[in-house]
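All remarks here apply to the structure that follows.
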Amino acid sequence: MAHFTQRPPWNEGDVMKRQHTRKTIGFIALLLFPVTIFYMSPYLSVVGPASGIVTGSLIFFLVLFLSALFLRRAHCGWTCLSTGVHDAGLYFIKKRVGMKSRVIKYIIWTPWFIAIVVLLFMNGISKIDPLAATTHGISVTDFHGYAILYFMLGLFVTLAFAVGKRSFCHHVCWMAPFLIIGDKAGRLLRLPSLHLEADRGKCNGCGLCSVKCPMSLPVKEMVAAGVMKHTDCILCGECADNCKRKVISYIFNSNA
C-alpha cells in the first residue's frame, strides 16, 4: 500500500476556526434532528427486516461502517448531533467518564445487531425503503414523533449530568460500534485513513490535551507512548488545536 501524508490545510493561526466550524456543523445536525431521527432509529432497523424491508436507518448504519474504513470515527466528532448537544450546549460539564464502563454499549448493540441479521436472513429483502416511517422524508410530524425526539434529547442531557460528558456516546449509542468495527477493519486492511499522530519530542507534559478531550481519553499518556490509536477517539481535534506546541496533528495515510 502506498504511503502518503497530508497535513491539514489550516494555518496555525486558524486552528480554533476549525473548532468553531466543527461545533457549528454539530449544532446544525442538532437542529436537523427532527428531520433525521428516524434515519438513526434502532427500532425501525429491526421492524423493517421483520417485514423484509431495508429501512433508511439500516442504510445509514452501513454508510457509517464504510465511512469509518477511511475516516475512522470522524462522524462522531464532526457531523453527529452529539457534538451539538455536548460541545455546543453542555460544554460546561467537565466530569470524565471511566474507561471500563464503556463496554455497556456493546452489551446493548450485540443482541440488537444479531436480531437484525437473523431477521434479514429469515425474511430476505423484498423492498428497500429509505424513507420508511417518515413523511416526505421528514421524521417528526406528529405527537408520537415529538415524544421520541424529546425522550432522546432528555437521555443525552440526563446521562451527561449524571455520569459525565458524552456519556450517551460511551454507554448507549448503538451507532458507535459500526464505526469502531469499521475503524478496526480499515486498520486491518491497512487502508489510508484519517487519524492523529503526535511528535512526542515537542511535548512538555502539561496535560491540556487530556483535559480538552471530550471523550475523556488519556491523551497525555497516549502522546508519551507515541500511540494515538484509540477506538474512542472521535477525531474532533480538540487536543491538537488546544496544544500550544502543536504536538498533535491530523494525518491521512495508510501506515496507522
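Values in this text are rule-based calculations from the coordinates and carry no lab data. Please read all numbers here as calculations on a predicted model, not as lab measurements. Heads up, the Cβs are rebuilt from the backbone with ideal geometry, glycines too, and the neighbour counts pull from every protein chain shown.
For the range 128-204 and the range 46-83, compute the distance between their C-alpha centroids and round to whole Å. About 9 Å separates the Cα centre of the range 128-204 from the one of the range 46-83.
Students often get this wrong, so check it: of 100/246; 17/229; 202/229; 23/212; 212/244, which have C-alpha atoms separated by over 22 Å? Over 22 Å apart, Cα to Cα: 100/246; 17/229. For the range 18-35, the Karplus equation 6.51 cos²θ - 1.76 cosθ + 1.60, evaluated at θ = phi - 60°, returns couplings of 4, 5, 4, 5, 4, 5, 5, 4, x, 5, 5, 4, 5, 4, 8, 4, x, 7 Hz by residue, with Gly and Pro reported as x. Residue-wise HN-Hα couplings along the range 179-189, as the Karplus relation 6.51 cos²θ - 1.76 cosθ + 1.60 with θ = phi - 60° gives them from phi, are 5, 5, 5, x, 4, 5, 5, x, 5, 4, 7 Hz; Gly and Pro carry x. Along the charge dipole of the range 12-192, Cβ charges K/R +1 and D/E -1, which of 172, 185, 99 sits furthest on the positive end? The listed residue farthest towards the positive side: 99.
As a calculated quantity, the FRET efficiency between residue 108 and residue 202 at R0 = 35 Å, using C-beta atoms, amounts to about 0.30. Each of 62, 141, 157 was scored by the projection of its Cα onto the charge dipole of the range 12-192, and the greatest displacement toward the positive side belongs to 157; charges sit on the C-beta of Lys, Arg, Asp and Glu. Taken about its Cα centre, the chain carries a charge dipole of about 920 debye when Lys and Arg each add +1 at the Cβ and Asp and Glu each add -1 at the Cβ. Among the trypsin sites (Lys or Arg not before Pro) in the range 200-256, those located in a DSSP loop and surrounded by at most 10 other Cβ atoms within 10 Å of their own Cβ are 244. Cysteines in the chain lacking any other cysteine Cβ under 4.7 Å from their own Cβ: 76, 80, 169, 173, 203, 206, 213, 233, 236, 243.
Once the chain from residue 95 to residue 242 is taken as fully extended at 0.36 nm per residue, the excess over their C-alpha distance is 51.0 nm. Sparse packing (at most 15 other Cβ atoms within 10 Å of the Cβ) combined with a DSSP loop state is found for the following chymotrypsin sites (Phe, Trp or Tyr not before Pro) in the range 17-71: 43.
On the basis of the beta-carbon distance and an R0 of 41 Å, residue 225 and residue 125 show a calculated FRET efficiency of 0.35.
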